[in-house]
Every structure is written in C-alpha cells, then in structure tokens.
1. Can you pull the percent of the chain's accessible area that's carbon plus sulfur, 1.4 Å probe, other chains left in place?
2. Mind listing the long-range amide H neighbours of S117? Cut-off is under 5 Å, sequence gap 5 or more, other chains count too, H placed in the peptide plane at 1.01 Å from N.
3. When you count, for each residue, the other Cβ atoms within 10 Å and take the mean per peptide, how do 60-73, 128-141, 154-167 rank with the highest first?
4. Which one, E50, E153, E11, has the greatest fluctuation when you compute a Gaussian network model over the chain with C-alpha springs under 10 angstrom?
5. I want to check the label-to-label distance for Y87 and D143. Put each point 7 Å from Cα in the C-beta direction and report it in nm to one decimal.
6. To the nearest 10 degrees, how steep is helix 162-174 against the longest Cα principal axis of the chain, on a 0 to 90 scale?
7. Between R14 and residues 5 or more places away or on another chain, which pairs have amide H atoms under 5 Å apart, with H built 1.01 Å from N, and which residues are they?
8. Once the piece of chain linking D110 and E162 is laid out straight, how much longer is it, given 0.36 nm per residue of separation minus the C-alpha distance between them?
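The values are calculated or read from the model by the stated rules, or taken from the named source; none is laboratory data. This structure is a prediction, so every number in the text was calculated from the model and none was measured. Glycine also receives a Cβ, built like all others from the backbone with ideal geometry; neighbour counts cover every protein chain displayed. Heavy atoms of the whole protein, side chains included, go into the accessibility calculation; ligands, DNA and RNA do not. Shrake-Rupley method; radii C 1.70, N 1.55, O 1.52, S 1.80 Å.
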Amino acid sequence: MRFSVAQAVVEVIRGDITKQDTEAVVNAANRRLAPGGGVAGAIHRAAGPELWEECKQLGGCETGEAKITKGYRLPAKYVIHTVGPVYSGSPQDARLLASCYQNSLRICADHHIRSVSFPAISTGAFGYPLREAARVAARAVVDHLRQHPGSPELVRFVLFGEDAYQAFLTAFKQLGLSPAGNSGG
Ligand code: AR6
C-alpha cells in the first residue's frame, strides 16, 4: 500500500530488505556494526564480506545513531546502519527508536539519496512490541517528510511477516494519510 506525504510516497510492503532496489536500505544493526542474526545477518550475507570490512573501520555506532556504508553486492548502493533500542518499557525506548528513523533520513538528505527501505527496527531480537514500534516509526517518518518535503522521495517499509505488515499499515492509516497512486507495490 502507498501513501502520499507532502511531496513523498511512503510504501508499506511485505518482503525481504536485502532484495530492495531503493538507493539505500537500512540495517537494524548492533553497536559493533557486526554481522548478527535477523536483518543484519541477511544484509551482511547478501552484501558480502567487504561490508564487514568497511563496518570495522567505523568504530561502532551508538543506540539511536546511524552510519552509512556502501552496499557492495546488494541491489542498493548504500546501507545505512542504525542501532535500535533493546526494549525496556521506559519512555526512552520511543525516543531512541524515533532517533533511528530521523538520523537515517538525515543521512539520506546529506547523501542526496532519493529512495530508502526500512525494516521494522528493534522488533526482532531487541524485543520492541510491533504495534508500538510501528506507531513510533510511522510518526517519525511522517514528521520528517512534512518538515523536508520530498527528501527522500520514497520511503519503503519492508515487513517480514503478516503481523508486522498489518501493524505498519494500521499505524500509517491512523495518521490519516491519503492513499497514493498504485504503481510499485
Ligand atoms: N527483511 C525484512 N525484515 C526482516 C528480515 C529481512 N530479511 N529478517 C528479519 N526481519 P532484527 P532488531 C524482521 O532482529 O530487533 C541482530 O542480531 C524481523 O522479523 O533483525 O533491531 C543484530 O545484529 C523483525 O520484525 O533487528 C542486532 O544485534 C525485524 O526485521 C539485533 O539483531 C527486526 O529484527 C537487532 O535487533
């Protein structure tokens, strides 16, 4: 499903983040930026060992921050690595999760990246409840796009399972966004 937000489009799809042809894909990373399980494992496997070689030079990444590398063998030209919070039930969780989206989108602007795909950061190994995470993600992305119209032009959420897909669709619908045209997904 596609929504329009200012001059941008937000897409919510089911799929695999490693297969996306957006200019950048976002990695749900750990603070070492090391290959792990979930999204990070899949991205490192698909990109090849050069990705870990570049990540090693970056000196890790704090929770809520983001760093960029090349995409190597991925269809995407860039990987933006962001470290979500481990869910604790405190108000800090939502602030840090929103920062992941905001800082990733700021990197897109700095690098003139016009399209980016996000996974559901923190909702796997880091234990963030899906519906809460979807609300935080939708709000952070929509606020960014309203403040920076068309930068980037396309934000795609790539959800692995039906539950995650439904949670993100609901979160965007609850923000009252208009549906966009139907090309693409
Ligand atoms: N494409 C899209 N979504 C996926 C994919 C995929 N290929 N694989 C899993 N998901 P997670 P986190 C979904 O655990 O919670 C790693 O070990 C998954 O179903 O990847 O931020 C890192 O190294 C879930 O909804 O990220 C870190 O140590 C969501 O993506 C830690 O896990 C995020 O799951 C990060 O944990």
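1. Numbers: 4150 of 8540 Å².
Ligands and nucleic acids excluded, carbon and sulfur give 49 percent.
2. A24, V25, V26, R156
3. On the way: 60-73: 18.1, 128-141: 21.6, 154-167: 19.9.
So the order, starting with the most tightly packed, is 128-141, 154-167, 60-73.
4. Highest fluctuation of the listed residues: E50.
5. In this crude label model, Y87 to D143 measures out at 2.1 nm.
6. Around 50 degrees separate the two axes.
7. Distant-sequence amide H within range of R14: L159.
8. On the way: separation 52, 0.36 × 52 = 18.72 nm, distance 3.33 nm.
Taking D110 through E162 to full extension adds about 15.4 nm, to one decimal.
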